[in-house]
C-alpha cells in the first residue's frame, strides 16, 4: 500500500489568540482541510491539524506520513513522550500537567489505531507543501 503524505500546520495571531490549522495531501495539495478557533494557542492548532488530518485520511486503513514543522508534535511520537505522559498521569517531566490533553488523548488513540509515521520539516523554508499548509492555517484564523 502506498503511503499518503500529508503536511500539517497551525498558526496563531497572538499566542494565545485567534488561531487556525490546516493540512494538505502531497503532491497536489488535495484533499485538504482547515479550521480555526477564536481563542487558542499555536501548539493547540499544530496538534489539531494532525488530529483532523488523521481522522479524515487514516481511519480507513490508509498508511500516512504526517509531515509537520512542529517539534512538539513530531517529538511526541518520535520520542514517545505520550507513553511517559500516560504513565505519569498526564504530567510532564517537570511534574506539571501536560498541556492540551483534550487533544493529545484522541490524537494518540487515532495514531495507535492507524498506520502513521511522523517526519519533521523546517517551517517557512520554501517547501511548497509546508507553505500550503501554513497558508491554509493562516487563512482559517477567525477575524
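Laboratory data are not the source of any read-out in this text; all were calculated from the coordinates shown. What you see is a predicted model, and the numbers here were worked out from it, not measured in a lab.
Brief remarks on what is shown
- All Cα-Cα separations within the chain were binned at 10 Å from zero, giving a P(r) of 13, 44, 35, 8, 0, each value a whole percent of the pairs.
- Pairwise centroid distance, computed over Cα atoms, of the range 29-84 with the range 1-20, Å: 7
- In terms of its Cα atoms, the range 83-143 spans 39, 32, 20 Å along the principal axes, sorted from long to short.
- Share, in percent, of DSSP beta bridges within the chain that are antiparallel, nearest 5: 60
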